Amino acid sequence: LQAIAIVCGIAANWLCIAITADGVRDIHSRTGQLATIHMILLCLGSRTSILTSHTYLSSYGQQIAHSWLGWITIGNGAVHSIIVLGIGRRLELDGVGISGLVVSRQYPSLARRESKRIGRRRDAYDGTTVPITFVRANIRDYRPLYLGIAVGLLAVGYLSRFGHIWYRSCGTGPNARRLCVRPLVDAIQVSIVVPRPWHFRAGQHIYLRGFGMGIRAFWQSHPFTIAWWEGDRISMLIRPRGGFTRRLLLYAGCTLHALVEGPFGIEHDLGSYGTVLMFASGVGIAAQVPYIRRLLEGRSMSKARTQRIVIYWRLDNEAHQEWVKEWMDELLRLDVKYVLGIYIYVAGNYIDPRTHPASAEHFGEHDRVNRVFGDLDIKYTLGAELDRRRGNTVVAVCAGHPMIDEVRSTVRGALQQDIWLVELGVWPGPSGDSISPRLGPRDSP
């Protein structure tokens with residue numbers, strides 16, 4: 001379906017250019033106009049997270065649409081520029097020809113932007129490219145309606161965004177917007193006191209700006225998945241890689257303040273399934289913990305009919321299990337019916353050098369916590385779980401691409417109609433980029 005949508009979008013773009021076109025000069029004008037209009041949509045593209053929170057548009061779908069719109073814009077700008085140079089038209093400041101060159105000139109910026117999959121917002125990019133495009137474009141060649149709609153959308157987008165940031169970040173409490181950084185092994189836990197409470201759900205993320213960390217930390221907003229909440233405090237699990245996340249390590253133990261934008265994202269209804277199987281690697285556990293909490297809370301209020309929850313978590317270092325130890329203890333406390341099973345697979349870097357691979361340990365009441373020293377065999381483990389499942393089953397995965405591919409192929413090989421696959425996302429991902437939230441064969445019953 002994604003491929004069909006992309007092909008239709010490209011075809012519609014070139015049909016608008018070619019149909020009833022009167023020669024090369026008409027194509028030259030249309031490509032410049034479409035390139036300019038697409039640039040406006042591109043600049044609005046990083047601000048459509050509100051749509052993903054109130055519609056069925058997934059974050060992954062938003063990223064795909066934004067990425068391909070960027071490449072279509074590049075193609076229009078390139079064709080426009082080639083025609084301009086080919087016909088020898090003079091590039092005047094009030095001519096539409098220069099707009100195509102502006103788009104082509106932005107090719108490196110667009111390519112870098114798309115390669116990051118809009119994991120980080122380029123506010124400076126948005127603020128400079130649009131004025132340049134408008135100044136260089138010949139407004140007489142465009143219908144005023146197009147420019148009016150584009151400028152109106154841009155203004156409404158900025159105003160609504162600033163209003164949203166003010167509402168979520170401004171409060172009178174002494175600890176409002178307080179940001180605390182707790183260092184962990186190869187990761188950090190960031191907690192923020194939000195001045196205005198909201199109804200927390202699984203699958204949500206926020207955009208964060210930091211005060212006192214330099215102008216870039218304040219100017220750019222960065223997405224982070226909400227892994228836990230307690231009262232008016234939200235917590236995120238982050239694995240530093242570079243830039244803003246690496247700079248946060250320098251402020252461990254300090255009191256900072258932040259601006260919060262969000263929450264964004266939709267929650268998948270996992271409580272309608274009898275069996276919930278979860279797979280995670282590294283910081284992918286940050287996306288799974290909120291869903292486990294919501295399922296256990298739903299069972300306590302008779303809102304979820306889940307009879308069995310199993311989480312398989314693969315780690316490269318045994319010390320990484322401390323990332324979510326406190327949250328896991330709280331989940332075990334909520335699990336009064338003993339429906340939760342936790343399996344931690346440690347692939348290497350054992351704390352005790354005398355630990356033997358393939359050995360296992362069991363903890364907690366009814367041995368609900370199991371730690372296995374060795375790698376996780378996805379096909380064998382998932383196949384065994386599907387054989388003894390109860391009722392309709394959902395498989396939720398948040399991991400790197402190798403694990404996602406194995407889980408997806410195993411679920412497809414089961415060939416059973418009441419098995420569903422949901423691919424969750426976490427910001428930022430284990431490799432520094434986001435694990436894109438993607439939907440499997442079905443994301444709802």
Candidate set from region 335-366 (those that are acidic (D, E) and loosely packed, with under 12 Cβ neighbours inside 10 Å); member that is farthest from A319 (Cα to Cα): E365
Subset of region 293-309 that is surrounded by 19 or more Cβ atoms within 10 Å (Cβ to Cβ) and either among the hydrophobic types (A, V, I, L, M, F, W, C) or at pLDDT 95 or above (or both) - its residue that is farthest from R368 (Cα to Cα): A304
Cβ-Cβ under 7 Å pairs, at least 6 apart or on other chains, region 243-254 side in the same structural domain as G210 (by TED's automatic domain parsing), far side in a loop (DSSP other than H, G, I, E, B) and not polar (S, T, N, Q): T245/P428; R246/P240; R247/M213; L248/P240; L249/P240; Y251/M213
Only listed residue being crowded, with 23+ Cβ neighbours inside 10 Å, modelled with pLDDT under 85 and on the phi < 0 side of the Ramachandran plot, chosen from G210, G284, G262: G210
Helices (runs of 4 or more DSSP H) within region 1-110 that include 1 or more residues of a type outside the set (D, E) and at pLDDT 70 or above: 2-18, 24-45, 59-87
Checklist (1) of a type in the set (F, W, Y); (2) more than 16 Å from R201 (Cβ to Cβ); (3) modelled with pLDDT of 85 or more applied to F224, failing item: (2)
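Rundown of residues vs (1) modelled with pLDDT of 90 or more; (2) surrounded by fewer than 22 Cβ atoms within 10 Å (Cβ to Cβ), yes/no style:
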site	(1), (2)
V395	yes, no
E406	yes, yes
R412	no, yes
I435	no, no
P445	no, yes
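The values are calculated or read from the model by the stated rules, or taken from the named source; none is laboratory data. Just so you know, these numbers come straight off a predicted model, no measurement behind them. For neighbour counting, all protein chains shown are included, and Cβ atoms are generated from backbone atoms with ideal geometry for every residue, glycine included.
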